[in-house]
Amino acid sequence: MSATKGGEPTVWEQVRKEATALAALLRADGWDVVQVRADHVAAIESGDSTARTGLVYTVPDSVEEVLPTLVEGGSFDRYEVFRTVARGDLYLVTRLRDEETEQGVVLAGAIGLDQVGGLADAARERGELHTHVRLLDGTYLATFRHEDPTHFFPEDG
């Protein structure tokens, strides 16, 4: 993600700023929020014994303790997806909420459009999508289920 001319923010910088603003809105209402910026996002179309289907966010070690503690026992069935496409990449910000506990997670990441087509088709066919958050060493920290995958992908992706 290259810098833009004239000191304008890059798309990734704008996405990160939006994620921060979405987390701040929840915090202003007294919610506990974990904001997570993915170092890498992968689209896994079919599961096997070592992989999980869905969007897999690889995140920094800094969320290893706080994210599992926050999401433990929560439903996080409310979510909003904010997406934009630029220069062949799909940028996503997903705000997940557990209304009962007033806890939230804001995920931000980017993935190449050329990597999401198969997953988008499979998710639309199943009528659901999973988002997984893991560390670089493969340790899974959280999994979220989304009943409507159409919000995550462009119509043609």
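Give the residue list of trypsin sites (Lys or Arg not before Pro) in region 71-133 that are DSSP loop and have at most 12 other beta-carbon atoms within 10 angstrom. Listed in order of number, the matching sites are Arg87. Computed from phi, the 3J(HN,Hα) profile of region 94-101 under the Karplus parametrisation 6.51, -1.76, 1.60 (θ = phi - 60°) reads 10, 9, 9, 9, 10, 4, 5, 9 Hz, with x in place of Gly and Pro. A simple rule links phi to the HN-Hα coupling: the Karplus curve 6.51 cos²θ - 1.76 cosθ + 1.60 with θ = phi - 60°, which for region 109-125 gives x, 9, 8, x, 4, 5, 9, 9, x, x, 5, 4, 5, 5, 5, 4, 5 Hz, with x for Gly and Pro.
So which GluC sites (Glu not before Pro) in region 98-157 are both in a DSSP loop and have at most 11 other Cβ atoms within 10 Å of their Cβ? Show your work: numbers first, answer last.
Details: sites: Glu99, Glu100, Glu102, Glu125, Glu128, Glu147, Glu155; in loops: Glu99, Glu100, Glu102, Glu128, Glu147, Glu155.
Hits after loop and neighbour filter: Glu100, Glu147, Glu155.
Charges on Cβ only, +1 for Lys and Arg, -1 for Asp and Glu, centred on the Cα centroid of region 5-154; of Gly73, Gln115, Thr139, which one is farthest towards the dipole's positive end? Highest projection toward the positive end goes to Gln115. Just the protein heavy atoms count here, and of the accessible area of the chain at 1.4 Å, carbon and sulfur take up 44 percent. For the options Asp32, Asp89, Asp61, a Gaussian network treatment of the chain with springs between C-alpha atoms closer than 10 Å singles out Asp61 as fluctuating the most.
A helix-only calculation puts the chain at -6500 deg cm²/dmol for mean residue ellipticity at 222 nm, using -39500 (n - 2.57) for each DSSP H run of at least four residues, averaged over all residues. Using Cα springs under 10 Å in a Gaussian network model of the chain, which residue among Val81, Val93, Val106 shows the largest mean-square fluctuation? Of the options given, Val81 has the highest mean-square fluctuation. The Kirkwood hydrodynamic radius of the chain, based on inverse pair distances between different Cα atoms, is 16.0 Å.
A simple spin-label model places pseudo-atoms 7 Å from Cα toward Cβ; at Arg124 and Arg83 they are separated by 1.0 nm.
At 1.4 Å probe size, with every protein chain present, just tell me what the per residue accessible area of region 63-125 comes to in Å². Walk me through the intermediate numbers first.
On the way: 3040 Å² over 63 residues.
So region 63-125 comes to 48 Å² accessible per residue, rounded to a whole number.
The values are calculated or read from the model by the stated rules, or taken from the named source; none is laboratory data. Since this is a predicted model, take the numbers as computed values, not measurements. Don't worry about glycine lacking a Cβ; one is built from the backbone with ideal geometry, like all the others, and counts go over all protein chains shown. We work out accessible area using only protein heavy atoms, side chains counted, and drop any ligands, DNA or RNA first. Shrake-Rupley method; radii C 1.70, N 1.55, O 1.52, S 1.80 Å.
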